Structures are given as C-alpha cells and as structure tokens.
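This report refers to the structure that appears directly beneath it.
Just so it is clear, none of the values below were taken in a lab; they were calculated from the coordinates. What you see is a predicted model; the values in this text were computed from it and never measured. Glycine gets a Cβ as well: all are built from the backbone with ideal geometry, and neighbour counts include every protein chain shown.
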Amino acid sequence: MLLCKVLNLFFYGFVLKSDCIVVGAGIVGLAIAQRLVSQGLKVSVLHRSYDEGGMASYAAGAMLGAFGEVSIESATPYGELELAFRVEAARLYPDWIKELIEEEKEVLIRSGTFLVANAYGRNDSKNLAAIETALLNYKEPYEVVGKEDIAGYLPSRGMELQRAIFIPGENYVDATKLMALLKKRLTAHSACQFFDFLVTGLIYSDDGEVRGVEVEGGQRFEAENVILAAGVGSSALYENAPHHVKSPKLIPGKGVGIVLQTDMTFSHVIRSPNRHFACGVHLVPRSDKEVYIGATNRTASCPGTSPGASVEEVHDILHEAVHEINTNLESANILQLSAGSRPLAVDSRPVIGKTNVKGLYLATGTYRNGVLMAPLIADLIASEIRGAPIEKWAPFSPGYAERRPSAEDFKKLIHAGAEGIASFLPQPHGKLPYNRENELRDFLEVLFALALVDKASPGFTEEDLSQLENLRREAKELVSDRPMIETFAQLFYKFHQFKQLENLKKR
Ligand SMILES: Cc1cc2nc3c(=O)[nH]c(=O)nc-3n(C[C@H](O)[C@H](O)[C@H](O)COP(=O)(O)OP(=O)(O)OC[C@H]3O[C@@H](n4cnc5c(N)ncnc54)[C@H](O)[C@@H]3O)c2cc1C
C-alpha cells in the first residue's frame with residue numbers, strides 16, 4: 001500500500017488538479033464518479049482502501065427496497081418524501097445497470113421480493129398494511145400469496161406466516177459485484193484516477209470557497225468541486241471545518257450481514273417488514289449456491305458498536321433467518337461475515353447536494369438505503385455541479401432550513417423509541433409472556449418522559465407537564481414510604497396504568 005502511495009505521488013506530483021474530487025469509494029462515491037466522468041469531467045476518487053472491512057456498501061444485502069422499507073413510523077411528511085425518492089431511485093435502477101453493463105454477461109439486477117409478516121415481529125402486520133397502502137398509492141403491482149407460493153420458505157413452529165405479499169418490481173443486486181464493475185469501468189476511464197489516501201481536511205481559497213482536500217502526510221489535491229461521499233466518515237470532514245458547513249451530524253448505524261453457502265433454492269428476496277431500528281430479517285439470493293442473510297443495526301453507544309461482528313449480532317441474524325425463513329438453513333455453511341456502518345443523519349434524512357460553502361457537496365445520510373439511492377444521488381450531484389438546482393428534493397439538501405425534526409414530533413418520538421425497545425429487548429429468543437411487551441413499552445415511555453420532558457418540549461401541553469409532575473411526586477412518596485424492592489414492581493404497573501389512562505382520555 002505504501003509503495004502504491006509513493007507511486008501515486010511520483011506520477012502525479014505534489015498538487016494534483018482535477019475538475020471534481022470524490023472522497024469515498026463506496027457505492028455512493030463510485031456512482032457519483034461514474035456519472036461525472038460520463039459527463040466529460042475529470043475526477044479524482046480519494047478513499048482508504050484498507051478500510052473496506054468497515055464500509056457499509058460491502059456489508060449490504062443490497063435490496064432495492066423502495067416499498068419494503070415503509071413502516072408505520074414513516075407515515076410523516078418526510079417519510080413520504082423519502083418514499084418518493086426511493087421509488088424514483090428504484091425505477092431508474094434497471095437503466096442505470098444497463099448503461100454500466102454494456103457487453104458484460106453477468107446478471108447484476110434481479111427482481112422480486114416476498115414480504116412476510118408473522119406474529120413474532122411485534123408490528124409486522126401493521127407495517128405490512130402500511131406497505132400495501134403505499135403500493136396502492138403508487139399503483140405498483142403486488143399480489144397476496146400463501147406460504148406454498150414462497151420458494152424456500154419453511155419457518156419453524158410458532159413463527160407461522162400471518163400474511164405475505166409478492167412485489168415483482170422490488171429488485172435486488174449484489175453490491176460487491178456492482179462495485180467491482182463500477183471500479184473496473186472507472187479505472188479503465190482516462191478521466192478518472194483512484195488514490196488510496198485518508199483525507200484529513202478541506203482546503204479553502206482566501207474567500208472561503210472549498211478548493212480541494214488535504215490527505216495524510218500533508219499532500220494536497222485541488223478541484224473546483226469536492227464531493228464528500230465518505231459514508232459516516234463524511235461528518236468528521238465537515239464538522240470541524242474552519243468555514244462552518246450547515247448540515248446535520250452523522251452517526252454510525254453499524255450492521256452485520258452473513259453470506260451462507262447452501263443447496264436450497266430461493267427465487268426471490270424473502271424479508272420481513274422493518275423491525276425495531278433495523279430492516280427486519282431478510283434473505284437475499286446471490287449466486288446459485290449463495291445467499292445473504294441480515295441484518296443488525298446498532299447505533300452509537302449501544303453494545304455491539306465496536307468494529308467487526310459480535311456474537312450477539314451473529315446469533316441474532318442466524319436465529320431469525322433459521323427460525324423465520326427456513327429451518328434447513330441450520331446446515332448451511334458460513335462463508336463470510338461482514339460489518340459496516342450506515343451513515344445516519346441525526347434528523348434521519350438523506351444529506352444530498354451543495355452546501356453553504358461554495359465548491360463543497362455532500363452525498364451521504366443514506367442509512368439503510370444507500371445502495372438503492374446511489375444512482376439517483378449521482379444524477380442529482382451531477383446536475384448541481386452543472387448548475388441545475390434540485391428543487392424537488394430540496395428538503396434533503398444539507399443546509400435546508402427545516403432540517404430539525406418538526407415541533408409536534410417529540411411526543412411521537414418518545415412513543416416510537418419506547419415501542420422500538422419493547423420490540424427489540426425480547427429478541428432473538430421470543431416474546432415476553434402475557435401483556436408484558438406493552439407494559440414495558442408504557443413503562444419506558446413514561447420513564448423517558450419523566451427524564452426528558454420540560455416546558456420547552458414540543459408537543460407536551462401544560463396539562464401533560466402537570467400530570468407528569470404529579471406522577472413524579474407520587475412515585476417519590478411511594479418509594480420513601482415503602483423503601484423495599486417490591487415497590488419497584490408497583491412503580492412498573494403504576495407507570496403502565498398512567499399511560500393507559502392517558503390513552504383512554506385521547507379516545
Ligand atoms: C448490514 C447492512 C445492510 C444494508 N442493506 C442495505 C440494503 O439492503 N439496501 C440498501 O440500499 N442499503 C443497504 N444498506 C445501507 C447501505 O449499505 C449504505 O447506505 C451505503 O452503502 C452507504 O454507502 P457510502 O458509499 O455512502 O458509504 P460506505 O460504503 O461506508 O463507503 C464510504 C467510503 O468512504 C471512505 N472514507 C471514509 N472516510 C474517509 C476519509 N477520511 N478519507 C478517505 N476516504 C474515506 C471509505 O474508505 C469508503 O471508501 C445496508 C448497510 C448495512 C451496514
């Protein structure tokens with residue numbers, strides 16, 4: 001690698017100039033570089049190749065899940081806008097692949113996704129209903145199917161199907177092969193050069209415009225346009241920049257996927273709807289004897305966020321795939337474990353387009369859908385560089401004025417957070433008995449409200465605040481009156497009842 005860097009500098013001199021610098025060679029960076037060279041621009045791609053182990057793009061199952069990603073939580077204006085974005089991206093994908101493949105024989109895009117809902121996934125049925133509504137709204141064909149229609153579907157007892165649909169137009173790819181093809185095309189193109197360097201900072205002109213980047217060792221690369229497509233690594237480059245870049249911070253959503261070798265035949269993707277912070281359990285057919293199963297999602301400061309695949313993550317994926325998709329997967333061989341960090345913006349929206357600092361563009365925040373979004377993002381960045389604004393998707397641009405979550409969302413946010421934890425905690429072994437998942441959700445929701453809510457909290461009325469204050473006082477009195485462990489069981493049910501009463505009043 002060192003030799004490669006020395007050669008890079010020997011051949012290209014101390015300052016290398018191009019029209020555009022793309023930082024990052026994941027699926028997003030490669031798609032952008034490909035679009036830019038196809039428009040006659042000279043492009044330098046800077047990336048740290050030794051970091052492939054942590055790249056999101058190599059860990060991705062690579063479902064092009066425009067509709068499969070819909071959930072009850074995405075029924076917000078921004079959720080709807082992102083759905084429209086995913087649908088547009090999904091519809092342009094086949095042509096984009098055709099443009100890349102030319103004479104290649106390899107089939108890079110395959111079609112068809114089964115969405116299966118069972119009682120194990122706490123909100124599977126509700127999420128599947130939301131998906132069907134979206135499919136109807138977009139007039140996207142789908143059909144309701146039975147378990148016998150799903151090739152390779154054999155869940156274990158207790159994981160029986162409740163409802164399944166087949167979406168013939170929901171496609172999938174093999175991201176590793178797709179990136180290899182993109183790299184091959186770009187490497188062969190005279191207008192594109194790859195440099196294996198860690199980018200450490202941006203360089204500016206005297207009037208504060210971005211003019212290039214600096215890499216480890218202090219060498220400089222110059223260009224009029226710098227596109228940060230460095231996944232979750234983008235944030236470090238713009239957050240501490242001397243000229244303030246308006247954009248939400250990014251956090252890593254670390255995920256693990258597993259490639260298995262098996263003789264079983266799976267004709268299409270089989271997946272659950274999204275579940276508790278992740279994209280549910282899914283199986284993606286790869287080559288004849290290989291399937292991908294995934295995936296986990298661990299955001300900053302949860303256990304399992306250290307690099308690599310943890311026992312808990314692998315256990316979780318294997319448990320769900322074997323019990324919920326096909327019990328015969330127990331005898332499949334594990335070929336590969338991969339882990340990568342999804343770039344998640346703190347307002348949960350993609351971050352695409354030019355920034356307030358001239359010359360600097362961001363192409364990230366793709367979270368669970370970067371493989372799907374890559375070609376559309378590439379088109380949008382290329383348009384902006386040509387001077388055409390991307391009005392339709394302005395809410396995803398880095399400095400968009402309303403990028404913070406809207407005011408009335410805080411109450412819903414606490415509810416959804418508690419719901420997610422109540423759904424996540426009993427997995428992968430199963431359900432809590434009786435009504436305890438709901439009781440746990442209510443308990444957590446009230447605890448979060450007691451800990452986090454104050455006068456400034458959007459969505460909470462004076463009455464809400466005074467009820468919370470009364471509850472806090474009663475809880476404290478109870479504990480000082482009866483300082484014994486049994487009191488905590490009482491508190492658990494007291495908080496659940498408080499939430500139930502609040503729900504009754506709402507009706
Ligand atoms: C387990 C898992 C499953 C997923 N499943 C799907 C799916 O089914 N469908 C889907 O559409 N999406 C899926 N995703 C999400 C998708 O993978 C990401 O949204 C997407 O890959 C992000 O691509 P990227 O190019 O922005 O980032 P990455 O792939 O992370 O690439 C970042 C690049 O930037 C480079 N870099 C970072 N910092 C620097 C620096 N300072 N200097 C130089 N180079 C730098 C890295 O070396 C790398 O080349 C999944 C993700 C995971 C983890």
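Just a few scattered comments:
- Principal axis analysis of the Cα atoms in the stretch 313-379 yields extents of 55, 23, 18 Å, listed in decreasing size.
- Exposure proxy order (Cβ contacts within 10 Å, fewest to most) of MET179, MET159, MET264, MET373: MET264, MET159, MET179, MET373
- Comparing the stretch 266-412 with the 2.2 N^0.38 Å rule of thumb, its C-alpha radius of gyration ratio is 1.29 (two decimals).
- Between GLY365 and VAL351, the built amide H atoms are under 5 Å apart, and every one of these is 5 or more places off in sequence or on another chain.
- Ordering 312-319, 123-130, 31-38 by mean Cβ neighbour count within 10 Å, with the highest value first, yields 31-38, 123-130, 312-319.
- In order along the stretch 290-297, the Karplus-derived 3J(HN,Hα) couplings, from 6.51 cos²θ - 1.76 cosθ + 1.60 at θ = phi - 60°, round to 10, 9, 9, 10, x, 8, 9, 8 Hz, and Gly and Pro are given as x.
- Qualifying GluC sites (Glu not before Pro) in the stretch 112-177, where qualification requires a DSSP coil assignment and no more than 16 other C-beta atoms within 10 Å, comprise GLU160.
- Between amide H atoms placed 1.01 Å from N, distances below 5 Å from GLY121 occur with no residue 5 or more places distant or on a separate chain.
- Here the chain is treated as a Stokes sphere of Kirkwood radius computed over C-alpha pairs; at 4 °C and 1.567 mPa s its diffusion coefficient rounds to 53 µm²/s.
- Euclidean distance between Cα centres, the stretch 250-317 to the stretch 486-507, Å: 36
- Once exposed loop chymotrypsin sites (Phe, Trp or Tyr not before Pro) are cut out (DSSP; at most 15 other Cβ, 10 Å), longest piece of the chain: 139-433
- Looking at the stretch 300-369, the trypsin sites (Lys or Arg not before Pro) that sit in a DSSP loop and have at most 16 other Cβ atoms within 10 Å of their own Cβ are LYS358.
- Residues whose amide H falls under 5 Å from that of VAL45, counting only those 5 or more places apart or on a different chain, are VAL22, GLN193, PHE194, PHE195, with hydrogens built in the peptide plane.
- Overall form of the stretch 413-507 per C-alpha gyration tensor (a/c, 1.5; a/b vs b/c): oblate
- When the pairs LYS358/LYS455; LYS17/LYS183; LYS126/LYS177; LYS455/LYS499; LYS139/LYS177; LYS98/LYS289 are compared against a 28 Å limit on Cα-Cα distance, LYS358/LYS455; LYS126/LYS177; LYS139/LYS177 fall above it.
- Centre-to-centre, using Cα atoms only, the stretch 322-374 and the stretch 26-49 are separated by 19 Å.
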